[in-house]
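Trainee: Attaching a single structure in structure tokens format; questions to follow.
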Amino acid sequence: MNEDNNNTDLARRRFMGGLAAAAAGTALAPGIVLVATAEAKPADQAVTSKVRWGMLIDTTKCADGCDACVRACNEENGLTRHDDPLRDAQWIRKVEVENPDTGYTHAFPVMCQHCAEPPCADVCPTGASFKRADGIVLVDKHICIGCRYCMMACPYKARSFVHEPLHDQKSYMPRGMGTVESCTFCVHRVDNGETTACVEACDKDGHQALVFGNLKDPNSEIARRLAKYGGTEIRKDLGLDPGVHYKGI
Amino acid sequence: MVAVRSLWRLPALLLAAGLAATSMAPAARAGDVPQPVIPKAVKGKQCVLPTEDMRKNHMKYLLHHRDLTMHEGIRTKKFDLRQCLDCHVPKKPKGEEVHVTSKQHFCQACHAYAGVKIDCFQCHSDQPSQETTHFHTLSGRPIGHPGHKTVDTTLSASDLQAMAVEGGNK
């Protein structure tokens, strides 16, 4: 996609509500060795801007009807409450796009794009939406008042609001009623030198459509692939400099 | 000056005497709020700081640590709320957990007595970390993953998953 017809393409896109139909069973590819993408920082040290976390999504490898990343995210973060995508929080979703002229469709995951210039943080009246030094955009739910300005400001529709009282949250992923939330790039894993749940699930299923890593490290896989094959960003025209890059759209 | 000082001391002396009397006669007088029954820690002999300090200042330590973790990604264990729960809240099978709504819960025992509302558990789990980590049965994914490693003193998500299996939480 070139930059000139970004807007036209997006206007044509038909965003499918909900998730793609769940595959009945998930064939696991045995023997896949996960490459540790993150250099673990010592637990007592603050994150720095020497790192910028990002993701590359190769939509040509993203399998039709597969929602392994979505399910992995829901499990990891304890998002499944009603098992109903219309009521449960969505941190990542498969979006299907169609070119009405040719009828060509393909689907790929969209989540918080972890912008370098996050509009959610710009509009947040309390400072709850913020960008960490390493580029991860988060909601500090301790100071979120649930006004949902950030949800309106986000051009990617990446955020969800928690409407109901919750219990049995994951101990590493606090969530609560009256606050906004979105993809955290699995910050609890990343701080521990691990990769995100969605990347892990995609690799396990043998698709390897998702690459997570440090955009500022020229030797990281994501930086090398971006340098070699390039990538594009959704709504690049907005100048938000997203940390999530796509290939093939 | 001396007279003023001693006057100031008088209520304190009376209070001390009152407390001594109470402790000598544990049967509370009618109308007294019963002293909280604080559940014993399920593991560990000593808290991260002396008990008196923690009783008085735990909220300050937690607040400070919360901001460091949230905004700077500092994930040391010392003032991690999860560590508090791991020691102070017994691990029970699903359905039998002691929740923060009950005075049997370590936090609520004192907070009910002091009349101070706890907001932490509107978002945070009130259970020891092993109990809250369970996997959706639909996934078909094995728990844990080959690339995982534990760094420093921080518990990793996958460590918690492994514990959930050992605890028989299916």
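Coordinate-derived values only; no laboratory data. The model shown is predicted, which means the values in this text are computed figures rather than measured ones. Don't worry about glycine lacking a Cβ; one is built from the backbone with ideal geometry, like all the others, and counts go over all protein chains shown.
Trainee: Kirkwood-based Rg over Rh for the range B:34-77 (C-alpha set), two decimals?
Mentor: Numbers: Rg = 13.3 Å, Rh = 12.5 Å.
Ratio value, two decimals: 1.07.
Trainee: Work out the FRET efficiency for A:Met152 and B:His71 from their Cβ-Cβ distance, taking R0 = 22 Å, and round it to the nearest 0.05. Please report the intermediate quantities before stating the final value.
Mentor: Numbers: r = 24 Å, r/R0 = 1.09.
The formula returns an efficiency of 0.40 here.
Trainee: For the range B:41-104, what is the convex hull volume of its Cα atoms per residue in Å³? Mind showing how you got there, number by number?
Mentor: Details: hull volume 7.4 nm³, N = 64.
Roughly 115 Å³ of hull volume per residue.
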